[in-house]
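All remarks here apply to the structure that follows.
The values are calculated or read from the model by the stated rules, or taken from the named source; none is laboratory data. Keep in mind it's a predicted model, so treat the numbers as computed, not measured. Please note: Cβ atoms are built from the backbone with ideal geometry, for glycine as well, and neighbour counts cover all protein chains shown.
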Amino acid sequence: MKVFASFVRKEFKHIERDTRTLVILFAMPIILIVLFGFAITTEVKDIRYTVLDMSHDQYTQRLAERFAANRYFIYKGEVSNRQQAMAKFNHGDVDMVIVFGGNFAQELGHCTGGSIQLLLDGSEPNQAATRAGYAQQVIADFAQELQQSSATGQQCNIVPVTHLLYNPQAISAYNFVPGIIGLILMLVCCMMTAIAIVREKESGSMEVLLASPLKAMTIILAKLVPYFVISFADLVIILLLSRYMLGMPFAGNLPAFIGISLIYIIVCLSLGLMISCLCSSQLAAMLISLIMVIPCIYFSGMAFPIESMPTTFQHVSTVMPARWYVSVVRKLMVQGVAVKYVIEETLILAFSAAVLLSIALASFKKRL
Amino acid sequence: MVLKYLIVKEFKQMMRNIILPIVFVLLPIGVINVLPRIATQEVKHLKFSVVDNDHSALSQRLMNKIAASSYFDLVGAFPNYNKALATIESCEADIVVEIEPEFEKNLITTGVASVAIDANAVNGMKGSLGSSYAAQIIADYAAQLRDERGLDASGTTVAKFDVAPRYLFNPTLDYKVYMIPALLGMLLIILVGFLPSINIVGEKEKGTIEQINVTPVSKIEFILSKLIPYAVVGIFLLTFAMLLARGIHGITPAGSVALIYAFALVFCVVVASIGLIISNYSSNTQQATLTFFFFMMIFMLMSGLLTPVASMPAWSRAITEVNPMRFAMEAFRTLYLKDASFGDLSPQFWRLCIMAVVLWAWAIASYRKNS
Amino acid sequence: MKENYVIEAEGLTKKFGDFTATNHITFKVHEGEIFGFLGANGAGKTTAMRMLCGLSRPSEGRATVAGYDVYRQAEEVKKHIGYMSQKFSLYDDLTVAENLRLFGGIYGMKRKLINEKTDRLLAELGFTSKKNAMVKSLPLGWKQKLAFSLAIFHDPKIVFLDEPTGGVDPVTRRQFWELIYQASDRGITVFVTTHYMDEAEYCDRVSIMVDGCIKALDSPRNLKKQFGVDSMYDVFLTLARTAQRSSD
């Protein structure tokens, strides 16, 4: 036990001496949380629009004023024909053009209705659909007001009452934070561990250690401990920041959450160990761990909903441990549901931890 | 012509590496073939549960109308709200639609009825888009009911608008068309940025840099010899990836291909210089990799790859002004989706050029032949 | 006849923080001689040599190599020297010929000259069959010979060798010294560090460094006379006992 402790101390010294690596390991989660919490958002606001009014009557004026007064819209001047509108699109100056057809006021009262065309830059589909939705809302409100000011006939309205559960303001960070945790733990435990071990192999100092009377297992465990500690510290930092800086509710069961996180950390460390056994050069270790880390961004549902993927890739995502972990974090941290809802994920993670750890240890022993 | 010898050396080393040539071929295939299919934020096939407290003909019709929409898949009907909520808690459903008791009666007697839409908004975009789709279907249903009952025909005073949204550049709102040009930028930053970042530090670890430092080779030539091969690789990767995008997804640029190459070339110089700067300041590969990864992550997040720059608050938009990835991505997206001219993109182009010159000079200055 | 010095060092010092690796060393090297630079591990030999090669900037003092100041004209110095480092530092993923072509090219040699010299050199070394072999596949002794040949490929005025024979067998060491003599015959000044005392006997003059300072400098014969011993080994031991630094 004493030998083990002195080994762990040696490994900590290695990391401690490399100040920059240490700074990045702790700055990364903080910066990611700040960026995701305050900078990066899918919220749609500041819709830049221009008006192409071929009617110029009191209704089009009033509706245009409605848009100008709405805080989601930013008026970028009027255009007089479609060519000008296209030029503005090409230049990236506007997101939307509101086109009022001729004779708007006259048509308004008839069954055809006043015709309004919304031209939208569809480059980014979700933004475009949301912008169209906002514009339609403004127009619908205006229509209702006109209707109320005129003689009221019998109505037939269904009022939708919408609640956004767990995240009433639809803050994007709530969606990203679980992914960030999954990513950082993977990065520290898998990639950094793999490179650290392979570096000792490359420089030959591993041979020296393995030739010593110490048990190989002691050496390797000592190497893992600092990364385990760092990743756990990162986890705590993220939790504190998301609770107190982003004001995320964290309604779920904390001990269960920590426990499942530990299982996930073991999964990542085993992967790192496996990679280090396979590779003999740092370049190879890096490329292979990148191949493990990048899918963590794409397949975990962190940024892209798994349900939107083609079925084949949904199946692929089931073998990514990060996917299950992110799902647990989302349920426990953001939704705050009972532990019984995450049993499936936990079992899968525990199973993969057991399998990966035994493969890693077996391949490590074989190398001796 | 010292440069020629140095460049030949870099290419030979690159091609003799066991992994790199494979990565050059497989990575673009992976990125262009797989990522656009999974990197989609498209909101469709939302799963919804229903609580019908009315069990009337009209409420039944509303349920069927939602289920028939291509946006929604029905999970099931539940006798009470809590049972339906459980399907959201376990993530089996994304939305619960609850129809009030007396729905039909209210609608007929008072003309107003209400429907509750509860959406799981952990993913804010999905939650709000999903609930607004549901609201739209309900509004359509109301209009349909009005038509059936001839309410509108009763008077000409009813104001009505015929609103037709039309989406330009990407009429079918296909997410792939939006992601692929951005992925070209990502591909370049991964390979053309990452490889130089571990190149010089690798020579430091092996000791070969010592043998170079003791020769009279100039710093400019040495840095150029590290930069040019990666720029060439970048152009090769871009060509390959563009052909893949065309072959696999049938997506071709609407604008000038020559302009895409011009942007790519300047962008390659920028990212390769960043990689070399990191390499110059690092003492081992692990450190270089982590540093590069750190910057790459910030570049990508602040570029508009996942979320629009326009949605950012002012302070972070100010940061994106110095992010080369942002300008390259804007250029690639604009050139792929719109037939933009050089004039439309000249601000982006000149900014990238300035960054290229500054970073290149920095890469040369940070390479030290003695300590 | 006035002596021609190709290396002149005066009070040359290098400090790393509080640690003084090389402490005010002063010496001169004649043109064409084989100058042995002796010292235990950690005595400061490599640091001194790196300063002379323009790889490391002196903290104090001055030195000229081939007539150029190592502090202000490091790049000029580099045009006139060859260097073989302690750790093998040729590109092991390039072939023998490719390494020669690369460094020949860097020193501005014409392609035709490079090809001629490559063939002649490989024939002399008996390496012709290995011309297109990857450097990493060569045994250590061959690598060392190749590294030396490469260091003098561009006919420098001076060649710096940092423990060139570390880890090779006695026969190869013998052959290696023959190469050094050949280079010396061509008029190249050889500056070599070593801790093999038999090799010290091969040098025209040697200096012995202890704890960053030069403690003795003369021909091997004079040094033995001065210390009243029979071999360079005993000279070295007498001086090394005074060392304070651990040899690590």
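Return yes when C:Gly167 is modelled with pLDDT under 90, assigned to a helix (DSSP H, G or I) and more than 13 Å from chain B (Cβ to nearest Cβ) and no when it is not. Break it down stepwise before answering.
Numbers: modelled with pLDDT under 90: yes; assigned to a helix (DSSP H, G or I): no; more than 13 Å from chain B (Cβ to nearest Cβ): yes.
No; evaluated as a whole, the condition is false for this residue.
Which of (1) of a type in the set (A, V, I, L, M); (2) outside any helix (DSSP H, G or I); (3) touching a Gly at 6+ places or on another chain (Cβ under 8 Å) is the odd one out, the single condition A:Met191 does not satisfy?
Of everything listed in (1) of a type in the set (A, V, I, L, M); (2) outside any helix (DSSP H, G or I); (3) touching a Gly at 6+ places or on another chain (Cβ under 8 Å), A:Met191 misses just condition (2).
Only one residue in B:Val115, B:Val50, B:Val34, B:Val23 is in contact with a Pro (Cβ under 9 Å, 6 or more places away or on another chain) and either assigned by TED's automatic domain parsing to the domain that holds B:Ile251 or more than 24 Å from A:Asn126 (Cα to Cα) (or both), so which one is that?
Working: B:Val50 fails: in contact with a Pro (Cβ under 9 Å, 6 or more places away or on another chain); B:Val34 fails: in contact with a Pro (Cβ under 9 Å, 6 or more places away or on another chain); B:Val23 fails: in contact with a Pro (Cβ under 9 Å, 6 or more places away or on another chain).
When all the criteria are applied, what remains is B:Val115.
Whether any residue in region B:41-49 is without any contact (Cβ under 8 Å) to a residue 60 or more places away in the chain, closer than 30 Å to A:Ala303 by Cα, among the basic types (Lys, Arg) and out of contact with any Ser or Thr (no Cβ under 6 Å at 6 or more places or on another chain) is what I want to check. Please lay out each step first, then the result.
Filtering region B:41-49 down to residues without any contact (Cβ under 8 Å) to a residue 60 or more places away in the chain leaves B:44-45, B:47, B:49.
With closer than 30 Å to A:Ala303 by Cα added as a condition, the list becomes B:44-45, B:47, B:49.
Still in the running and among the basic types (Lys, Arg): B:44, B:47.
Checking the rest, the ones that are also out of contact with any Ser or Thr (no Cβ under 6 Å at 6 or more places or on another chain) come to B:44, B:47.
Yes; the residues of region B:41-49 include at least one that is without any contact (Cβ under 8 Å) to a residue 60 or more places away in the chain, closer than 30 Å to A:Ala303 by Cα, among the basic types (Lys, Arg) and out of contact with any Ser or Thr (no Cβ under 6 Å at 6 or more places or on another chain).
Just to be sure I understand the filter: pairs with C-beta atoms under 6 Å, separated by 6 or more residues or on different chains, first member in region C:22-39 and in a strand (DSSP E or B), second member crowded, with 16+ Cβ neighbours inside 10 Å and basic (Lys, Arg). Which pairs pass?
C:Thr22/C:Lys14; C:Phe35/C:Arg205; C:Phe37/C:Lys45; C:Gly39/C:Lys45
So is B:Ala272 modelled with pLDDT of 95 or more and in contact with a Lys or Arg (Cβ under 8 Å, 6 or more places away or on another chain) or not? Let's see the steps before the verdict.
On the way: modelled with pLDDT of 95 or more: yes; in contact with a Lys or Arg (Cβ under 8 Å, 6 or more places away or on another chain): yes.
So B:Ala272 passes the test.
On the given criteria, is A:Val188 in contact with a Phe, Trp or Tyr (Cβ under 8 Å, 6 or more places away or on another chain), modelled with pLDDT of 70 or more, in the same structural domain as A:Ile260 (by TED's automatic domain parsing) and closer than 24 Å to A:Thr21 by Cα?
Values: in contact with a Phe, Trp or Tyr (Cβ under 8 Å, 6 or more places away or on another chain): yes; modelled with pLDDT of 70 or more: yes; in the same structural domain as A:Ile260 (by TED's automatic domain parsing): yes; closer than 24 Å to A:Thr21 by Cα: yes.
When the stated conditions are applied, A:Val188 passes them.
Filtering region B:168-178 down to residues that are surrounded by fewer than 24 Cβ atoms within 10 Å (Cβ to Cβ) and among the hydrophobic types (A, V, I, L, M, F, W, C), which residue is modelled with the highest pLDDT? Talk me through it step by step, then tell me what you get.
In the first step, residues of region B:168-178 are kept if they are surrounded by fewer than 24 Cβ atoms within 10 Å (Cβ to Cβ); the result is B:168-176.
Cutting the leftovers down to among the hydrophobic types (A, V, I, L, M, F, W, C) gives us B:168-169, B:173.
Details: B:Leu168: 71, B:Phe169: 75, B:Leu173: 70.
Once the filter is applied, the top-ranked residue is B:Phe169.
Go through region A:206-216 and give me each residue that's free of Cβ contacts under 8 Å to residues at least 40 places away in the same chain and either of a type in the set (S, T, N, Q) or surrounded by fewer than 16 Cβ atoms within 10 Å (Cβ to Cβ) (or both).
Start the filter on region A:206-216 by keeping residues that are free of Cβ contacts under 8 Å to residues at least 40 places away in the same chain, which leaves A:206-209, A:211-213, A:215.
Once the filter is applied, which keeps residues that are free of Cβ contacts under 8 Å to residues at least 40 places away in the same chain and either of a type in the set (S, T, N, Q) or surrounded by fewer than 16 Cβ atoms within 10 Å (Cβ to Cβ) (or both), region A:206-216 yields A:Glu207, A:Val208, A:Ala211, A:Ser212, A:Pro213, A:Lys215.
Give, as residue ranges, the helices (runs of 4 or more DSSP H) completely inside region A:1-97 that count at least 2 residues that are surrounded by fewer than 16 Cβ atoms within 10 Å (Cβ to Cβ), without any contact (Cβ under 8 Å) to a residue 40 or more places away in the chain and of a type in the set (D, E, K, R). Even if it seems obvious, please write down each step before you answer.
Numbers: elements: A:2-17, A:19-34, A:58-69, A:82-90.
Fully inside region A:1-97 and qualifying: A:2-17.
Test B:Tyr336 against the stated conditions and say whether it is among the aromatic types (Phe, Trp, Tyr) and within 30 Å of C:Phe16 (Cα to Cα). Working first, answer last.
Values: among the aromatic types (Phe, Trp, Tyr): yes; within 30 Å of C:Phe16 (Cα to Cα): no.
Criteria not met by B:Tyr336.
What number goes with the only condition from (1) at the interface with another protein chain (Cβ under 8 Å from one of its Cβ atoms); (2) under 30 Å from C:Leu52 (Cα atoms) that B:Gln287 does not pass?
Status for B:Gln287: all satisfied but (2).
Can you name the number of the only condition in (1) surrounded by fewer than 15 Cβ atoms within 10 Å (Cβ to Cβ); (2) free of Cβ contacts under 8 Å to residues at least 24 places away in the same chain that A:Leu283 fails?
(1)
Going through A:Leu185, A:Leu209 one at a time, which residue ends up being within 19 Å of the chain's Cα centre (by Cα) and not aromatic (Phe, Trp, Tyr)?
Working: A:Leu209 fails: within 19 Å of the chain's Cα centre (by Cα).
Within the list A:Leu185, A:Leu209, the selection yields A:Leu185.
Return yes or no: is C:Phe148 touching a Cys at 6+ places or on another chain (Cβ under 6 Å) and closer than 30 Å to C:Arg101 by Cβ? Steps first, please.
Values: touching a Cys at 6+ places or on another chain (Cβ under 6 Å): no; closer than 30 Å to C:Arg101 by Cβ: yes.
So C:Phe148 does not fit the description; no.
I'd like the full set of residues that are within 11 Å of chain C (Cβ to nearest Cβ) and buried (at least 17 other Cβ atoms within 10 Å of the Cβ), limited to region B:18-28. Can you show your working first?
Here is the first cut: in region B:18-28, the residues within 11 Å of chain C (Cβ to nearest Cβ) are B:18.
Result: no residue meets the conditions.
A:Asn70: of a type outside the set (Ser, Thr, Tyr), at pLDDT below 85, within 34 Å of the chain's Cα centre (by Cα) and not assigned by TED's automatic domain parsing to the domain that holds A:Asn175, yes or no?
no
With the checklist (1) at the interface with another protein chain (Cβ under 7 Å from one of its Cβ atoms); (2) modelled with pLDDT of 75 or more in hand, flag the one item B:Ala143 doesn't pass.
(1)
Restricting the search to region C:1-51, which residues are over 27 Å from C:Phe176 (Cβ atoms) and of a type in the set (Val, Ile, Thr)?
Within region C:1-51, C:Thr13, C:Thr20, C:Thr26 meet the criteria.
Out of region B:313-336, which residues are within 7 Å of chain A (Cβ to nearest Cβ) and buried (at least 23 other Cβ atoms within 10 Å of the Cβ)? Write out each step before concluding.
Restricting attention to region B:313-336, the residues satisfying the condition of being within 7 Å of chain A (Cβ to nearest Cβ) are B:313, B:316, B:333-334.
Residues satisfying the conditions are B:Arg333, B:Thr334.
Kindly provide the set of residues from region B:179-215 that are in a loop (DSSP other than H, G, I, E, B) and surrounded by fewer than 20 Cβ atoms within 10 Å (Cβ to Cβ), ordered by number. It would help to see each step written out before you state the result.
Step one: list which residues in region B:179-215 are in a loop (DSSP other than H, G, I, E, B), which gives B:207, B:214-215.
Result: B:Gly207, single match.
Pick out, from region A:286-368, the helices (runs of 4 or more DSSP H) lying fully within it that include 2 or more residues that are more than 23 Å from the chain's Cα centre (by Cα), surrounded by fewer than 20 Cβ atoms within 10 Å (Cβ to Cβ) and more than 9 Å from chain B (Cβ to nearest Cβ).
On the way: elements: A:311-317, A:321-329, A:343-366.
Passing ranges, in order: A:343-366.
Of all residues in region B:29-77, how many are away from chain A (no Cβ under 11 Å), outside any strand (DSSP E or B) and of a type in the set (Asp, Glu)?
Count: 1.
Looking only at residues in region C:161-187 that are surrounded by fewer than 18 Cβ atoms within 10 Å (Cβ to Cβ) and charged (D, E, K, R), which one is farthest from the chain's Cα centre (by Cα)?
Once the filter is applied, the top-ranked residue is C:Asp169.
Residue by residue, here is whether (1) at pLDDT 95 or above; (2) farther than 19 Å from B:Met15 by Cβ; (3) over 18 Å from the mean Cα position of the chain (by Cα) holds:
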| site | (1), (2), (3) |
| --- | --- |
| B:Gly185 | no, yes, no |
| B:Glu205 | no, yes, yes |
| B:Ile209 | no, yes, yes |
| B:Val217 | no, yes, yes |
| B:Leu243 | yes, yes, yes |
| B:Gly247 | no, yes, yes |
| B:Thr252 | no, yes, no |
| B:Ala264 | yes, yes, no |
